[in-house]
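J.: Once you've had a glance at the structure underneath, I'll fire off some questions.
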Amino acid sequence: MNDSIDEKIRAALRDSTDGDALAREPNLAQELITAFRGRNRFTNVMAFVMSIVSMAVFVWSVMRFYDAAVVRDQLVWGGVALFTLIFISFMKVWFWMEMHSNRVLREVKRVELLLLSKLQER
């Protein structure tokens, strides 16, 4: 057995066609929808809902910040706005990481299928 697994993977990827269904990449909306499927569906939906609620709290706290007459109230509402903005940022980063892990899994499955098809041809 003189062929290494790396050479087999390279050969399978080199011989793959772009017209193949596996070679198509989903767009951003399809990747986002894919994040709401699978075993982490409930967690992803709750995180998305919490992100939307946090956005509403952010807008409300910014409005209250500008309406506040006392500096202490401005600091409180500014802190709330800052906290919710950081929370929203963390949620967005978490969703991007979730979509990235789905993308990596899809590529690994693609390589497995290509390798399997090339091994069955022999």
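Okay, residues lined up against (1) of a type in the set (Ser, Thr, Tyr); (2) assigned to a helix (DSSP H, G or I); (3) surrounded by fewer than 16 Cβ atoms within 10 Å (Cβ to Cβ):
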| position | (1), (2), (3) |
| --- | --- |
| PHE58 | no, yes, no |
| VAL62 | no, yes, no |
| TYR66 | yes, yes, yes |
| VAL76 | no, yes, yes |
| ILE86 | no, yes, yes |
| TRP96 | no, yes, yes |
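J.: Determine whether ALA12 is at pLDDT below 95 and touching a Ser or Thr at 6+ places or on another chain (Cβ under 8 Å). Walk me through it before giving the result.
T.: Working: at pLDDT below 95: yes; touching a Ser or Thr at 6+ places or on another chain (Cβ under 8 Å): yes.
For ALA12, the condition - at pLDDT below 95 and touching a Ser or Thr at 6+ places or on another chain (Cβ under 8 Å) - is met.
J.: Return the pairs, sorted by first residue and then second, in which the second residue is surrounded by 14 or more Cβ atoms within 10 Å (Cβ to Cβ) and not in a helix (DSSP H, G or I), the first residue lies in segment 67-83 and is without any contact (Cβ under 8 Å) to a residue 12 or more places away in the chain, the beta carbons are less than 6 Å apart, and the residues are 6+ apart or on different chains.
T.: GLN74/ALA68
J.: Within segment 31-48, track down each residue that is of a type in the set (Ser, Thr, Tyr) and more than 12 Å from the chain's Cα centre (by Cα). Full working, then the answer.
T.: Here is the first cut: in segment 31-48, the residues of a type in the set (Ser, Thr, Tyr) are 34, 43.
The one that is of a type in the set (Ser, Thr, Tyr) and more than 12 Å from the chain's Cα centre (by Cα): THR43.
The values are calculated or read from the model by the stated rules, or taken from the named source; none is laboratory data. Given the structure is predicted, the values throughout are model-derived calculations rather than measurements. In this analysis, Cβ positions are derived from the backbone assuming ideal geometry, glycine residues included, and neighbour counts consider all displayed protein chains.
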